[in-house]
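Please read the structure below before turning to the comments.
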């Protein structure tokens, strides 16, 4: 495996920024987008339960509706791809069961060997107050942000621009996309594509706290 | 900029797994770790406010205490590096002010040009119920998971192993590390280093839902 050099990694992450204006004429090639989907789906999650769904919105009419529900931000209609990161509203014992079945299938493992692990996970999700963050919502919501991080990082590595977006009306998104009736709610949006040559933000230096101010050693 | 190929990206992400047993003899080279710190600090956040602190724990005595507060999981003492991802307890108008000053400094921008942006951010953090997720805690907590995603992804690209860990006692971590008196609370831990050659999980196939089951198109 040929790993990246540290310099190459940092060059890509410094190149990334939250694109304000995408070039609507530039589309992400299908095979690149497929890899981005796979990379996002490879994000780790608590116990590996993946309490999420990633919704790719291609329909221009729906995109226009989402834009209206997102303070009219142009990325919703102009980016090549829109990915809505959704969290599962409730993770149940049957989700745990399905996950264990998947482990059995992928690893060709005897189901009996996973019984303790299954009970532990089922006990966890049955007691949301004991989950990290103290509630089912906070816990599943947090997991989707790992996937968001993987998505943006993967795109950067492939030379694809992104913009993470929290500024939208979740209730309207649910209404437009029919998410809650499928057991999911929207958390955050990832727009992906290619920056417009005249995006005002593209040429400004990236602003971050000094590393020494955010990373401390003990 | 030489971007990764999709195949290389996916190879690295498939290589990554949550290491159960690190090789305690293998240390991450200092320059590689410095790049990992930088990559983590390059994670994006709401408004760019970076409501976080990343604590690198090198002291073996403290590491042992953290292990005790983490169900005795061996990664705490055996991994080359331990990074505790902390969220700022309260983001205030003075944090917004400091951030705006940093923009002025990095971009050499006139402070007056940022007045509206500053007011908007200050208004946001003054009304936590209106933040995505509905509270200051949920909002800042979520942001740290983006950083966790960047951290794990960056490590994978550099051929460094990781393990994300939510299974610890936050109150004991606070007691051991003295975080809340500095305005922070622990959210999640990232262990980094190199897998032991006999880690039982290292050779098992990765378990994920089928991409078609988690990614939907409309």
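Structure notes:
- Calculated diffusion of chain B, Stokes-Einstein form, Kirkwood radius summed over Cα pairs, 10 °C and 1.306 mPa s, µm²/s: 83
- On Cα atoms only, tilt of A:136-157 relative to the major axis of chain A in degrees: 50
- Gap separating the Cα centres of segment B:90-158 and segment A:98-174, nearest whole Å: 24
- Fraction of antiparallel bridges per DSSP, the protein assembly as shown only, in percent to nearest 5: 85
- In degrees, nearest ten, helix A:93-107 long axis to first principal axis of chain A (Cα): 80
- Using alpha-carbon coordinates, inclination of helix A:6-15 to the longest axis of chain A, degrees: 70
- Sorted by Cβ neighbour density within 10 Å, fewest at the top, the residues B:56, B:125: B:56, B:125
- Shortest first, residue A:48 label-point distances to identical copies amount to 4.0 nm, with the label point at 7 Å from Cα along Cα→Cβ.
- Across segment B:4-104, Cα pairs under 8 Å and at least six residues apart give a relative contact order of 33 percent.
- Square roots of five times the Cα gyration tensor eigenvalues for the protein assembly as shown, Å: 31, 26, 23
- Separation between Cα centres of segment A:176-191 and segment B:1-60, rounded to whole Å: 29
- Residue of B:63, B:107, B:53 that the Gaussian network model of chain B assigns the largest fluctuation, springs spanning Cα pairs under 10 Å: B:107
- Residue and whole-Å distance for the chain B Cβ lying nearest the axis of the B-onto-A rotation are B:149, 1.
- Label-point spacing at residue A:206 relative to the other copies reads 2.3 nm, in ascending order, each point sitting 7 Å out from Cα along Cα→Cβ.
- Structural descriptor for chain B: relative contact order 35 percent, calculated from alpha carbon pairs under 8 angstrom and at least 6 residues apart.
- Copy-to-copy label separations for residue A:105, where each label sits 7 Å from Cα toward Cβ, in nm and ascending: 5.3
- Segment residue A:115-residue A:2, length gained on full extension (0.36 nm per residue, minus Cα span): 36.9 nm
- Beta bridges by DSSP in segment A:17-196, antiparallel share as percent, to the nearest 5: 95
- With the helix formula -39500 (n - 2.57) applied to DSSP H stretches of n ≥ 4, chain B reaches a computed 222 nm mean residue ellipticity of -13000 deg cm²/dmol.
- Translational diffusion of segment B:64-155, µm² s⁻¹ [Kirkwood Rh, Cα pairs; Stokes-Einstein; 37 °C; 0.692 mPa s]: 206
- Applying D = kT/(6 pi eta Rh) to segment A:119-191, where Rh is the Kirkwood radius over alpha-carbon pairs, T corresponds to 37 °C and eta to 0.692 mPa s, the Stokes-Einstein value obtained is 232 µm²/s.
- Gaussian network model of chain A, Cα within-10 Å springs - most flexible of A:184, A:47, A:173: A:47
Coordinate-derived values only; no laboratory data. Keep in mind the model is a prediction, meaning the values are calculated, not measured. Here Cβ is always computed from backbone atoms with ideal geometry, including for glycine, and neighbour counts include all displayed protein chains.
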